[in-house]
Amino acid sequence: MKAFACIAAAATLLAFAAPASAQFAKPEDAIKYRQSALFVMGQHFGRVGAMASGRAPFDAKVAADNAEIVADVAKLPWAGFMAGSDKGTTKAKPEIWTEQAKFKENSDKLIAESAKLSAAAKTGNLDAVKTAFAATAGTCKACHDAYRNQ
Ligand code: ASC
């Protein structure tokens, strides 16, 4: 009974840990996962960007809600760049796998800047949102320039 309880507890822990350290059955799943996460992030980032650029009226709550999602989802795509997922329906450049430390520096920058964007949006200050949005977008662009094919 004790051993069973232990195994059950371990299985429960694993079930909850799985999304944070996504493992994929096949490379296509990893590609789909990272593209999906990047797409979702782009949609929410775009909503903040519309306000930062004045294309949409500034609504502090909408900005904060969307920026928070960007900061959360920014943590996800990177597990999808698993070994062997360099081939297929992807614009990912092979350098991602040969320059893993540099690639991680890029993803870490996005995670850090999007966290700052979320914090800025929570203050309700549009100028702070504009500054943090630009810094975050800069990390998107730098990584795309280095590691994404046209
Ligand atoms: C976006 C989006 C990107 C980045 C990038 C920033 O809104 O979808 O990929 O910003 O264009 O330069």
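Computed from the coordinates by the stated procedures, all read-outs in this text should not be read as laboratory data. As the structure is a computational prediction, the values presented were derived from the model and not from experiment. All Cβ positions, glycine included, derive from the backbone under ideal geometry; neighbour counts span all protein chains shown.
Brief remarks follow.
- Distant-in-sequence amide H partners of ALA92 (H built 1.01 Å from N, under 5 Å): ASN149
- Look at the alpha carbon pairs under 8 Å that are at least 6 residues apart: their mean separation over the length of the chain gives a relative contact order of 26 percent.
- Cα gyration tensor category, rounded, prolate or oblate, for the chain with a/c compared to 1.5: oblate
- FRET efficiency for ASN149 and LYS75, using Cβ-Cβ distance with R0 set to 22 Å, rounded to 0.05: 0.35
- Extending 7 Å from the Cα toward the beta-carbon at both ALA142 and LYS61 defines two label points whose distance is 3.5 nm.
- Per-residue ellipticity at 222 nm, computed for the chain from helices alone with -39500 (n - 2.57) per DSSP H run of at least four residues, works out to -24000 deg cm²/dmol.
- Potential extension, GLN23-ALA112 segment - 0.36 nm per residue separation minus Cα distance: 29.7 nm
- Exceeding the 31 Å Cα-Cα cut-off - candidates LYS61/LYS91; LYS93/LYS116; LYS75/LYS130; LYS61/LYS93; LYS93/LYS122: LYS61/LYS91; LYS61/LYS93; LYS93/LYS122
- Span-like helix ranges in the chain, DSSP H, alpha carbon extent 18 angstrom or more, Kyte mean at least 1.0: 2-17
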